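One structure is given here, and the rest of the page talks about it.
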Amino acid sequence: MKTLLLIALGSALVNNVVLSQFLGLCPFLGVSKKTNTAAGMGAAVVFVITLSSFLAAIVYRFILVPFNLTYLNTIVFILLIAALVQFVEMFLKKVSPSLYQALGVYLPLITTNCAVLGVALTNVSKSYDILTSVVNGFGTAVGFAIAIIILAGIRERTEHNDIPAPFKGMPITLITAGLMAIAFIGFSGVI
């Protein structure tokens, strides 16, 4: 149990998928303008990464390994993730049309979000069992959600500040993300 907690905390804070591995930057920078939208994207990513980690671990362990098809893992994981994202997209369209519209093009982009695929491939490369894969996926997704919500909160606060013209928009966002990455390095001594 202690090991699983360390894996979850490590993947959420120390090895944050966005701020230390630089995966998933497209939705991180694109959807972080408003906190509500960022929280919705964070929740969708938590669902997709956690479930895809579970399904990828099962498919890898019970289909790809026994039939000696491990060389197909990337293709199979991409198809699995695409199907999950379609499910999330249909679910959000039905349950929360406003969030569906707010996420816009970034919701289908979860399919090509390298963070989702990166977690599945990391779980395989580290030979995690099914439970450990799910915990690592959940921790990674929570780390993504934390980072995107923090960035959205900072962007909302700096929106009406007096920022020099060359730094307005994306430049100040990239500087903020860089400072967040430096701050998250501080967690490396925790675990």
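The values are calculated or read from the model by the stated rules, or taken from the named source; none is laboratory data. Because the structure is predicted, anything quoted here is derived from the model rather than measured. Cβ coordinates were reconstructed from backbone atoms using ideal geometry, including for glycine residues, and neighbour counts include every protein chain displayed. With ligands, DNA and RNA removed, areas are computed over all heavy atoms of the protein, side chains included. Shrake-Rupley method; radii C 1.70, N 1.55, O 1.52, S 1.80 Å.
May I ask you to derive the FRET efficiency for CYS114 and LYS34 from their Cβ-Cβ distance with R0 = 22 Å, giving the value to the nearest 0.05?
The computed FRET efficiency comes out at 0.40.
Sorting ILE58, ILE185, ILE78, ILE148 by accessible area (1.4 Å probe), largest first, what list results?
ILE185, ILE78, ILE58, ILE148
May I ask you to order 38-49, 120-131 by the average number of other C-beta atoms within 10 Å around their residues, highest value first?
38-49, 120-131
I want to check the label-to-label distance for MET1 and ILE63. Put each point 7 Å from Cα in the C-beta direction and report it in nm to one decimal.
Here the answer is 3.4 nm between the modelled labels.
If you roll a 1.4 Å probe over the chain with all protein chains in place, what percent of the accessible area is carbon or sulfur?
Result for the chain: 70 percent of the exposed heavy-atom area is carbon or sulfur.
Specify which labelled value, from (i) 17.2, 61; (ii) 15.4, 47; (iii) 19.0, 66, agrees with Rg and Dmax of the Cα atoms in Å derived from the coordinates of the model shown.
Structure-derived value, by its label: (i).
Where a Cα-Cα gap under 24 Å defines reach, which lysines qualify for LYS93, not counting those fewer than 8 residues away within the same chain?
LYS33, LYS34
What are the ³J(HN,Hα) values, in whole Hz, obtained from phi via the Karplus relation 6.51 cos²θ - 1.76 cosθ + 1.60 with θ = phi - 60°, for each residue of segment 12-19 in sequence order, with x given for Gly and Pro?
7, 10, 6, 9, 3, 4, 8, 8
Quick one: accessible area per residue over segment 65-176, 1.4 Å probe, rounded to a whole number of Å²? Before the final figure, lay out each step's value.
On the way: 6270 Å² over 112 residues.
Accessible surface, normalised per residue, equals 56 Å².
Tell me, how many Å apart are the Cα centres for segment 87-123 and for segment 1-73?
Taking the Cα centre of segment 1-73 as reference, the centre of segment 87-123 is 12 Å away.
Between SER188 and ALA43, how many nm apart are label points set 7 Å from Cα along the C-beta direction?
Here the answer is 3.5 nm between the modelled labels.
Subtract the Cα-Cα distance of ILE78 and SER127 from 0.36 nm times their separation in residues, and report this length gain in nm to one decimal. Spell out each step's value before the answer.
Working: separation 49, 0.36 × 49 = 17.64 nm, distance 1.89 nm.
Going from the current span to full extension adds 15.8 nm.
Check which residues have an amide H placed less than 5 Å from VAL18's amide H, if you skip close sequence neighbours.
Here LEU23 satisfy the definition.
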